[in-house]
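Novice: Starting off with a structure, shown below.
Values quoted throughout were computed directly from the atomic coordinates according to the rules given, and no laboratory measurement underlies them. Keep in mind the model is a prediction, meaning the values are calculated, not measured. Don't worry about glycine lacking a Cβ; one is built from the backbone with ideal geometry, like all the others, and counts go over all protein chains shown.
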Amino acid sequence: MIPFTKAHACGNDFLIVTEDAAAGRDWTELTRRLCARNTGIGADGIEFFTWDNSNPEKKSGRIRLHNADGSIAEISGNGTRCVAAWMAEAIGAKAGDTLEVETDAGLRLCHVDAVHNQNAYSVEITTGMGVPKLSPRTVTIPGGVQVPGMEVSTGNPHFVIVVDNTEFAVDGQRWQSIGQQVCGHPDFPYQTNVEFARVLSSSEIEIRIFERGVGPTSSSGTGTSASAAAVISQGLVRSPLHVIAPGGAQTVRWDATDAELELTGPATLIARGEAWEE
């Protein structure tokens, strides 16, 4: 049996499995099996976790992320926040505490803003997401359609497209189709996450997300961060920015191009269980 905890951040759901529990197993195949929506538990990915034993207060740990298709990702902002919520519950963290989570994109500091433990265990967390790196780019997809956007790195790759319609369509094509074509485009040999951003006001945007290794998803922490950085850098909005995804809203603060971007949002523990081994 493989013990797991399931958590979600704005509908972006993850399984948390300790490295000890997964020892000796093929993590790629295990992830595909457990994340399958109909034949497994169902999730957008697995965060494989180990505590940092050098920290006696258990306020730090290390995660390695596999997407639902088994591929390895550098980081998920929402996944990191889900792990921070799991850590907070495990050690009885309180508002004001800071948890350290080492990822393949570097160390992320997760500040606990509030803890809610009535019907479900949920936390509000502000995570330092590093300094975004941005570069304008135009991608040409089949049919000769040119898709202008902003290439953004928030520890993992993103391509942010600004749209002006409620369907998030580009050149008359559905955003899901454009997302798939851009994600797997030869310009991105390791693929890229794709976001579509629509400005609602100077302090609010709405986004849609095509996530590498997952497909259309309800939320993304790094995608929210990348989308915010792209529109702030173009002077379309200002910080702090309210970012609405299908799964819920998060807040981004990015006050200078050389400053660290901060992402604030909720994470909730859903269930604990054990998965049968095959």
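Novice: Based on other C-beta atoms within 10 Å, arrange THR39, THR126 from fewest to most. Don't skip to the answer; put the middle values down first.
Specialist: Values: THR39 8, THR126 18.
Ascending Cβ contact count within 10 Å gives the list THR39, THR126.
Novice: May I pose another question? Using a Förster distance of 25 angstrom, determine the FRET efficiency expected from the C-beta separation of ASN53 and ALA120, and round it to 0.05.
Specialist: On the way: r = 29 Å, r/R0 = 1.17.
E between ASN53 and ALA120, to the nearest 0.05, is 0.30.
Novice: Go ahead and run the numbers for FRET between ASP164 and ALA36, Cβ-Cβ distance against an R0 of 35 Å, rounding to 0.05. Don't skip to the answer; put the middle values down first.
Specialist: Working: r = 37 Å, r/R0 = 1.06.
After rounding to 0.05, the efficiency reads 0.40.
Novice: Also: For a bin width of 5 Å, list the pair-distance distribution of the stretch 133-259 built from all Cα-Cα distances, rounded to whole %.
Specialist: Bin by bin from 0 Å, the calculated values are 2, 12, 24, 27, 20, 11, 4, 0.
Novice: Between ARG253 and MET1, what's the calculated FRET efficiency when r is the beta-carbon distance and R0 is 41 Å? Round to 0.05.
Specialist: Details: r = 42 Å, r/R0 = 1.03.
Once the sixth-power term is evaluated, E becomes 0.45.
Novice: Could you please rank TRP254, TRP27, placing first whichever residue has the fewest other Cβ atoms within 10 Å of its Cβ?
Specialist: Numbers: TRP254 22, TRP27 16.
Fewest-to-most ranking of TRP254, TRP27: TRP27, TRP254.
Novice: Please give the net charge around THR140, taking every other residue with its beta carbon less than 15 angstrom from that of THR140, where Lys and Arg add +1 and Asp and Glu add -1. It would help to have the intermediate numbers written out before the result.
Specialist: Working: positive: ARG137; negative: GLU151, ASP171, ASP187.
Charge balance near THR140 sits at -2.
Novice: If you don't mind, there's one more thing I want to ask. Run the helix sum for the chain: -39,500 (n - 2.57) per DSSP H stretch of 4+ residues, divided by residue count, reported at 222 nm to the nearest 500 deg cm²/dmol.
Specialist: Working: 4 runs with 46 residues, N = 278.
For the chain, the value works out to -5000 deg cm²/dmol.
Novice: I would also like to ask the following. To the nearest 10 degrees, how steep is helix 221-233 against the longest Cα principal axis of the chain, on a 0 to 90 scale?
Specialist: Helix 221-233 sits roughly 30 degrees off the main axis of the chain.
Novice: How long are the three semi-axes of the equivalent ellipsoid for the chain, computed from the Cα gyration tensor as the root of 5 times each eigenvalue, in whole Å, largest first? Mind showing how you got there, number by number?
Specialist: Values: eigenvalues 182, 98, 50 Å².
Semi-axes from the Cα gyration tensor: 30, 22, 16 Å.
Novice: Stretch GLN173-TRP276 to full length: gain in nm at 0.36 nm per residue minus the Cα-Cα span? Before the final figure, lay out the partial values.
Specialist: Working: separation 103, 0.36 × 103 = 37.08 nm, distance 4.21 nm.
Working it through step by step, the gained length comes to 32.9 nm.
Novice: If you don't mind, another one. Arrange the following residues from fewest to most other Cβ atoms within 10 Å of their Cβ: PHE48, PHE14, PHE188. Mind dumping the intermediate values first?
Specialist: Working: PHE48 22, PHE14 30, PHE188 18.
Final ranking by Cβ density, sparse to dense: PHE188, PHE48, PHE14.
Novice: While we're on this one: Under the Karplus relation 6.51 cos²θ - 1.76 cosθ + 1.60, θ = phi - 60°, what is the ordered set of whole-Hz ³J(HN,Hα) values for the stretch 134-144, x standing for Gly and Pro?
Specialist: In residue order, the calculated couplings are 10, 7, x, 7, 10, 10, 9, 9, x, x, x Hz.
Novice: Using only Cα atoms, tell me the angle between helix 77-91 and the longest principal axis of the chain; keep it within 0 to 90° and round to the nearest 10.
Specialist: The two axes meet at around 20 degrees.
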